[in-house]
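Participant: Encoded as structure tokens, here's the structure I'll be asking about.
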Amino acid sequence: MRFFNTVVAAALGIVMCSACGPKGTLEGEWYGLKGKEVVTVKFNPDQTIEANDGAMMTFKAPYSLNSEKDPMEIDINGAVQGMSMAGIMRMNADNTLDINLAVNVPGISEGRPTTFEAPQGMAAMASLCLKLSKDKKAIMAKLGPKPKISPAVKVAWERNARLGSGINLNAVVDGNRHPGYERDAPLGDDEIKSIADAGFQSVRLDVCWVKHCAAEAPYTIDQEFFDKVDHIINECFKNGLAVSIDQHYYPYINMDGECTDAEYEENFNRLDCLWSQLAEHYKDYSNDLLFFDLLNEPNMRLGADRWNETVAMLTKTIRKTNPDRTLLVLTPNLGQYWTLKQLELPADEWNIIVQFHYYMPHLFTHHGLSYAMAGESDMTTWEGSEEDKASIRKDFDTCTAWMKENGRPLNLGEYGAVNTVDPASRARYIGFICTEAKSRGFSTHLWGYRECFQICNEDKNSPDYGKWLQPVLDAMKLK
Ligand code: GLC
């Protein structure tokens, strides 16, 4: 096989040289643009290919090429997280190289792409589709000038520091999705005090507002429900906890694509109506203590462009009544860190904290959870070896670099591990993420206070009711 590859590579060199002139060889570094991201692709003499977009599509792996096909076919072994890739390539007369690679992820992208058109939706995540050139300067020029950072961003940094290390108050006002946890589990005032005493500085209050509004436009929110949420917010304030309220489990455009009575397009209007009411209702609440988190995990179907448009729409609505409110905005495609560069915030909007979620290694953090495609996982430990930590630090480096370049603060709005994994590993993992994020200046919200990610006993019949998992708290070094 190796021999075959070498022969093909040598032959390819000749084919390309004759077709495209002396510069037209494959070997060496190529550059391309993925949105606002410069991606490097390198073909090495030892028959390996390297790609680097600073995040998801960063790999080095052996490849084989069939140059007799038009376009050429390329196969890469064990590229992204051990998965193979199949692709097509075409060398152009102007010394550019078109490439379209797809990771083999069952149900998302399967088989070799047939055109050089970028895939949409879920498949976009698992693909690298680029026009490459060896002329780095020309590619950089296409990027345009670096973003100009406004001094007005200072307030967002201050408020992000105020959020500090926090926790998600999930499933305290709504029922929720995890089997066995479907009920609404009301939160006692004593619990809010206990959260503050544990050393948390803020909470992210996860609310499914859409369940508590009228069925028709303008989707009036139920006053009794408002009372319930207001009570929690005021109790948090009393205990010195800042609060960020989100829109969780929003049909069609958040994590799930579940059915709803409103059509897809009408969902955007309804979301806007909900924020309009929330903004009006909370406009006199302290700007230092109350934050608005626009939408939990905008889904892949929404895509980056539609999410960017939605952020612009909601920001405009909220600003009518809340000119100084700090907003939290997730990155596209479920709040991944690798989509940071796809987020485009409205120009002149600096009172924004950008949020991402982080659950790597996924098979450990979501062990046994079938909704997250980890039902079959047997990964129950996280040793915290240098290698384990390095892989997380590398991902966080991408975030730090983005934060510096864009001058905007970051919030790690969800991280955590399910309670079926090895308890010591769980404490180690949560502690590492919490302290590592803090050292980089990210505010954090652990997922979560309730359900199977809980770190505090919520079983009223248990003698341990209300007790924290002390090893986890200790590892987080909150105080
Ligand atoms: C997201 C989901 C929530 C889930 C969590 C961890 O926030 O909305 O349901 O528990 O991620 O997977």
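Participant: Look at Asn44 and say whether it is more than 15 Å from Cys129 (Cα to Cα), surrounded by fewer than 18 Cβ atoms within 10 Å (Cβ to Cβ) and in contact with a Ser or Thr (Cβ under 7 Å, 6 or more places away or on another chain).
Facilitator: No, not satisfied.
Participant: Another question, if that's okay. Whether any residue in the stretch 402-415 is within 18 Å of the chain's Cα centre (by Cα), without any contact (Cβ under 8 Å) to a residue 60 or more places away in the chain, outside any helix (DSSP H, G or I) and within 16 Å of the ligand (Cβ to nearest atom) is what I want to check.
Facilitator: Within the stretch 402-415, one or more residues are within 18 Å of the chain's Cα centre (by Cα), without any contact (Cβ under 8 Å) to a residue 60 or more places away in the chain, outside any helix (DSSP H, G or I) and within 16 Å of the ligand (Cβ to nearest atom).
Participant: Just to be sure I understand the filter: pairs with C-beta atoms under 7 Å, separated by 6 or more residues or on different chains, first member in the stretch 421-432 and under 18 Å from Ala374 (Cβ atoms), second member aromatic (Phe, Trp, Tyr). Which pairs pass?
Facilitator: From the stretch 421-432, the pairs are Val421/Phe364; Ser425/Trp382; Tyr429/Trp382.
Participant: Only one residue in Glu263, Glu235 is surrounded by fewer than 19 Cβ atoms within 10 Å (Cβ to Cβ) and either over 23 Å from the mean Cα position of the chain (by Cα) or under 26 Å from Thr331 (Cβ atoms) (or both), so which one is that?
Facilitator: Glu263
Participant: Evaluate the stretch 250-264: report whether one residue or more is under 25 Å from Pro119 (Cα atoms), out of contact with any Leu (no Cβ under 9 Å at 6 or more places or on another chain) and part of a helix (DSSP H, G or I).
Facilitator: Yes, some residue in the stretch 250-264 is under 25 Å from Pro119 (Cα atoms), out of contact with any Leu (no Cβ under 9 Å at 6 or more places or on another chain) and part of a helix (DSSP H, G or I).
Participant: Do the conditions hold for Phe225, that is, is it assigned to a helix (DSSP H, G or I) and within 16 Å of Thr310 (Cβ to Cβ)?
Facilitator: For Phe225, the condition - assigned to a helix (DSSP H, G or I) and within 16 Å of Thr310 (Cβ to Cβ) - is not met.
Participant: Against the definition (at pLDDT below 95 and buried (at least 21 other Cβ atoms within 10 Å of the Cβ)), how does Thr339 come out, yes or no?
Facilitator: Values: at pLDDT below 95: yes; buried (at least 21 other Cβ atoms within 10 Å of the Cβ): yes.
Answer is yes for this residue.
Participant: Still on this structure: Looking at the stretch 447-455, can you tell me whether even one residue there is surrounded by 21 or more Cβ atoms within 10 Å (Cβ to Cβ), on the phi < 0 side of the Ramachandran plot and more than 16 Å from the ligand (Cβ to nearest atom)?
Facilitator: The answer is no; no qualifying residue exists.
Participant: Looking for whichever is over 23 Å from Arg393 (Cβ atoms), within 25 Å of the chain's Cα centre (by Cα), modelled with pLDDT under 95 and outside any helix (DSSP H, G or I) here; the options are Gly448, Gly466. Which one fits?
Facilitator: On inspection, the qualifying residue turns out to be Gly448.
Participant: Identify all residues within the stretch 130-157 that are surrounded by 11 or more Cβ atoms within 10 Å (Cβ to Cβ), without any contact (Cβ under 8 Å) to a residue 40 or more places away in the chain and not aliphatic (A, V, I, L, M); write none if there are none.
Facilitator: Lys154 - this is the single residue of the stretch 130-157 that is surrounded by 11 or more Cβ atoms within 10 Å (Cβ to Cβ), without any contact (Cβ under 8 Å) to a residue 40 or more places away in the chain and not aliphatic (A, V, I, L, M).
Per-residue answers, yes or no, for (1) away from the ligand (no atom under 16 Å from the Cβ); (2) modelled with pLDDT under 95; (3) of a type outside the set (S, T, N, Q):
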residue: Leu97; (1), (2), (3): yes, no, yes
residue: Gln120; (1), (2), (3): yes, yes, no
residue: Lys136; (1), (2), (3): yes, yes, yes
residue: Arg159; (1), (2), (3): yes, no, yes
residue: Gly164; (1), (2), (3): yes, no, yes
residue: Gly175; (1), (2), (3): no, yes, yes
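Participant: In addition: Would you check which residues across the stretch 370-388 are under 19 Å from the mean Cα position of the chain (by Cα) and either surrounded by fewer than 17 Cβ atoms within 10 Å (Cβ to Cβ) or farther than 23 Å from Glu436 by Cβ (or both) and list them?
Facilitator: Within the stretch 370-388, Tyr371, Ala372, Met373 qualify.
Participant: Ok, one more. Right, Leu330: within 15 Å of the ligand (Cβ to nearest atom) and aliphatic (A, V, I, L, M) or not? Lay out the reasoning, then the answer.
Facilitator: Details: within 15 Å of the ligand (Cβ to nearest atom): yes; aliphatic (A, V, I, L, M): yes.
Yes.
Participant: In the stretch 423-442, what count of residues is obtained for those that are surrounded by fewer than 17 Cβ atoms within 10 Å (Cβ to Cβ) and not in a helix (DSSP H, G or I)?
Facilitator: Counting residues in the stretch 423-442 that are surrounded by fewer than 17 Cβ atoms within 10 Å (Cβ to Cβ) and not in a helix (DSSP H, G or I) gives 2.
Participant: Given the conditions (1) within 16 Å of the ligand (Cβ to nearest atom); (2) among the β-branched types (Val, Ile, Thr); (3) within 20 Å of the chain's Cα centre (by Cα), and given that Thr398 satisfies all but one, which numbered condition is not satisfied?
Facilitator: (1)
Participant: Suppose we keep only residues that are over 13 Å from Asp293 (Cα atoms) and in a loop (DSSP other than H, G, I, E, B) within the stretch 233-248. Which one would you say is nearest to the ligand (Cβ to nearest atom)?
Facilitator: Of everything passing the filter in the stretch 233-248, Leu241 is nearest to the ligand (Cβ to nearest atom).
Participant: If I filter the stretch 457-475 for residues that are free of Cβ contacts under 8 Å to residues at least 60 places away in the same chain, within 16 Å of the ligand (Cβ to nearest atom) and not basic (Lys, Arg), do I get at least one hit?
Facilitator: no
Participant: Would you please name the residue that is nearest to Met300 (Cα to Cα), looking only at residues in the stretch 249-263 that are at pLDDT 85 or above and more than 12 Å from the ligand (Cβ to nearest atom)?
Facilitator: By that ranking, first place goes to Ile253.
Participant: Are there any pairs with C-beta distances below 9 angstrom linking a residue in the stretch 341-367 that is under 23 Å from Leu163 (Cβ atoms) and within 16 Å of the ligand (Cβ to nearest atom) to a residue that is assigned to a loop (DSSP other than H, G, I, E, B) and of a type in the set (D, E, K, R), with the two at least 6 apart or on different chains, and if so which?
Facilitator: These pairs meet every condition: His357/Glu297.
Participant: Right, here's the next one. Looking at (1) touching a strand residue (DSSP E or B) at 6+ places or on another chain (Cβ under 6 Å); (2) buried (at least 20 other Cβ atoms within 10 Å of the Cβ), which one does Leu289 not meet, given that it meets all the others?
Facilitator: (2) is the only condition that Leu289 fails.
Participant: Hey, can you tell me all the residues within the stretch 273-299 that are touching a Leu at 6+ places or on another chain (Cβ under 7 Å), within 20 Å of Gln355 (Cα to Cα) and more than 16 Å from the ligand (Cβ to nearest atom)?
Facilitator: Trp275, Phe291, Phe292
The values are calculated or read from the model by the stated rules, or taken from the named source; none is laboratory data. Not measured: the values here are computed from a predicted model. Please note: Cβ atoms are built from the backbone with ideal geometry, for glycine as well, and neighbour counts cover all protein chains shown.
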